[in-house]
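Working notes for the structure below.
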Amino acid sequence: RAAVGGISQKMLTTTLRGLERDGFVTRKVFPTIPPRVDYELTELGHELLVPVGALGEWARKNTQRVQSARARFDEMQA
């Protein structure tokens with residue numbers, strides 16, 4: 001949760017459960033107090049890293065272009 005930042009525990013749990021349902025992660029519960037839960041990428045999850053990583057890299061490279069387009073649009077709307 002700390003690595004993600006700005007996300008509630010409920011939203012993180014909901015998202016991880018959805019990823020588990022879709023087959024991208026596995027979940028292992030440890031019967032400790034407090035309970036500990038570990039998530040791990042499945043083979044399908046590892047395969048998804050390639051296109052998601054490419055999309056993230058594209059977004060990083062094009063942030064300025066998107067911001068410029070937004071500024072032009074906002075200027076025309078004013």
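Does residue 14 satisfy being within 17 Å of the chain's Cα centre (by Cα) and under 20 Å from residue 2 (Cα atoms)?
In short, yes.
What is the residue count in region 21-53 for residues that are within 14 Å of the chain's Cα centre (by Cα), surrounded by 10 or more Cβ atoms within 10 Å (Cβ to Cβ) and of a type in the set (A, V, I, L, M)?
5
Out of 78, 69, report the one residue that is over 23 Å from residue 1 (Cα atoms) and modelled with pLDDT under 95.
Residue meeting the stated conditions: 78.
Can you tell me which residue within region 13-31, out of those that are outside any loop (DSSP other than H, G, I, E, B) and farther than 19 Å from residue 49 by Cβ, is modelled with the lowest pLDDT?
13
Between a first residue in region 29-54 that is closer than 16 Å to residue 16 by Cβ and a second residue that is surrounded by 11 or more Cβ atoms within 10 Å (Cβ to Cβ) and polar (S, T, N, Q), which pairs have beta carbons less than 6 Å apart while being 6 or more apart in sequence or on different chains?
Taking only residues 6 or more apart or on different chains, the pairs are 40/26; 42/26.
The values are calculated or read from the model by the stated rules, or taken from the named source; none is laboratory data. This one's a predicted model, so the numbers in the text were calculated from it and none came from an experiment. Cβ: placed from backbone, ideal geometry, glycine included. Neighbour counts: every protein chain shown.
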